[in-house]
Amino acid sequence: MAVQREADNHHIKIVIVGLGAVGASYAYALLMKGVAREIVLVDLNEKLAEGEAMDLKHGLAFVSPSVVRTGSYEDCRDAQLVVITAGAAQKPGESRLDLINKNAAIFREIIPRVSEHLNRGVILVITNPVDVLTRFSQEISSLPAERIIGSGTVLDSSRFRSLLSAHCEVDTRNVHAYVIGEYGDSEVPVWSRVNIGGVPLSEYCTGCDRSCGSASSEAIFEAVRSAAYQIIERKGSTNYAIGLAALRITESIVRDERSVLTVSVPVDGYLGIDNICLSIPTILGQSGVVKKLFTKLEPEEEKALLRSAGIIKQTFQSIN
């Protein structure tokens, strides 16, 4: 049973900064799941925040008792979690890394104001490029780095498991697989650690009567890596799945569940990587990062992770 230090949603307060499609989807997911007693919405566009708060409040009769309201950065003072979704959205044809200078400028305004008021809570960065902005937030904040994390590859790890589940015809909940590194084009699937019901994938495949081969593996992961581009091309943005991924991270933090999730965290010394944030399996609790799990990788996976780390570092250093 997961550790839960606080019963239900009692005294749990979450502040959301940025009420675009992602912020609104996350707020709706919070309300539906009954995770927080108080949800505070903050946006530069105050009318937008008021409209979202009104819309959410009109559904309070159908969910667990909660308070939804607009607020300001001062509301971060006694929050358990502040979630940052503010920023320019990824457009068709853009990579996540293309957004860096626009969103770094926005974060220069937001992060110091949040950290000025936040007493003991955690900051969760969702805005892209999430690995670079998480590291940037740690640099311009007065808070300990372990209390500022990024949503990382939690969503793409979920996509990876979902596609493996469909391919292998087994319940997604019994598929264990991680995507690490950058949340973006250089992310790395850890094929060597994939298991189904505790059975390593290589053993599982040996006992299967299907002949899949490497082409199937490449097709599965390409579908993971290109998922956001395909969705953006069709509907202009991604919002629901990342809102649910953020909800899962939130539950582990505010309920002190100690779940293992591939969030973006500071990495120093692992395979020679230093001074950046990237996604690795991490135990999350109410104080943020509890423990980072540095798994042994195959040589090709190590090489790919180092390449991914190099891209993140180069982009971080390019911030104007």
Exercise. Could you give every pair whose Cβ atoms fall below 8 Å, whose first residue belongs to the stretch 106-131 and is in contact (Cβ under 8 Å) with a residue 12 or more places away in the chain and part of a helix (DSSP H, G or I), and whose second residue is surrounded by fewer than 24 Cβ atoms within 10 Å (Cβ to Cβ) and of a type in the set (D, E), counting only separations of at least 6 or pairs across chains?
Worked result: H117/E74; H117/D75
Exercise. Take the residues of the stretch 280-299 that are among the polar types (S, T, N, Q) and buried (at least 16 other Cβ atoms within 10 Å of the Cβ): which is modelled with the lowest pLDDT?
Worked result: Q286
Exercise. If E94 passes every condition in (1) surrounded by 15 or more Cβ atoms within 10 Å (Cβ to Cβ); (2) within 20 Å of the chain's Cα centre (by Cα); (3) without any contact (Cβ under 8 Å) to a residue 12 or more places away in the chain but one, which one does it miss?
Worked result: (1)
Problem set entry | Residue satisfying condition, being farther than 26 Å from E187 by Cβ, of a type in the set (D, E) and either outside the structural domain of L143 (by TED's automatic domain parsing) or out of contact with any strand residue (DSSP E or B) (no Cβ under 8 Å at 6 or more places or on another chain) (or both), within set E46, E94, E38, E74 | E74
Problem set entry | From K102, K91, residue being among the basic types (K, R) and farther than 20 Å from Q314 by Cα | K91
Exercise. Say we look at the stretch 265-299 and pick out the residues that are in a strand (DSSP E or B) and out of contact with any strand residue (DSSP E or B) (no Cβ under 7 Å at 6 or more places or on another chain); which of these is nearest to V35 (Cα to Cα)?
Worked result: G285
Seminar exercise, completed: Counted residues in the stretch 142-171 being assigned to a loop (DSSP other than H, G, I, E, B) and modelled with pLDDT of 95 or more come to 3
For this session: Specify the residue that is surrounded by the most Cβ atoms within 10 Å (Cβ to Cβ); the eligible residues are those in the stretch 300-319 that are polar (S, T, N, Q) and assigned to a helix (DSSP H, G or I).
Result: S308
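The values are calculated or read from the model by the stated rules, or taken from the named source; none is laboratory data. On a predicted model such as this, the values are computed, not experimentally measured, just so you know. Glycine also receives a Cβ, built like all others from the backbone with ideal geometry; neighbour counts cover every protein chain displayed.
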